[in-house]
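Each value in this text was obtained by applying a stated rule to the coordinates, not by laboratory testing. Bear in mind that the values here come from a model prediction, so they are computed numbers and not experimental data. With ideal geometry, Cβ positions are generated from the backbone for all residues, glycine too; neighbour counts draw on all protein chains shown.
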Amino acid sequence: MFKSIACLVVVSVLIFSCNSSEKTEKTITVVDGKDRYDVYQGSEMANLMRGMHAFNLQLKEEVKSGKITTEFPEEFLKIHTAIFSESKSRNQTFDHYSGKFVEAQKLVFEKDSVVSLTERYNNAINLCITCHQTECTGPIPKIKKLLIK
């Protein structure tokens, strides 16, 4: 059941993130009876990264069990084109680390590797942490929880 919910969350986030074509972050107003709430709508990149986190949370459990039932999500390749929030921008450092992350994440799914599955998985997560140390450090504690100790 957890797998189904996690997959649904990942797919939902990735689908909704594909519909964002503006660079600015948005809020929408939700009316509940007489109350009005402004709800934050993240950038395409923020939504993609939330989806990556949800997917890797599920993948962590698969790696711990020693059996991967999923495949590399091609949606992750959107990391090279997704639109950032207004206050952030693509730069050489991000391009470098995002490319390395995609390579490392793909290695997790290779069946014939001599490197242990846990090590390959942690390598991919460590690349996320390393990139986030250069800018946008807020998610680091959440990302660190993805590591397998």
What ranking do C128, C136 get, fewest neighbouring Cβ atoms within 10 angstrom at the top? C136, C128
Obtain the nm distance between the two label points defined at Q41 and D95 by a simple spin-label model: each point lies 7 Å from its Cα along the Cα-to-C-beta direction. 3.0
The stretch 42-149, relative contact order [Cα under 8 Å, separation at least 6], %: 29
Residue-count net charge about L117 - beta-carbon cut-off 15 Å; Lys, Arg +1, Asp, Glu -1: +1
May I ask you to sort K88, K142, K149 by Cβ crowding, counting other Cβ atoms within 10 Å and putting the fewest first? K149, K142, K88
Using a 10 Å cut-off around each Cβ, can you sort E62, E119 from fewest to most neighbouring Cβ atoms? E119, E62
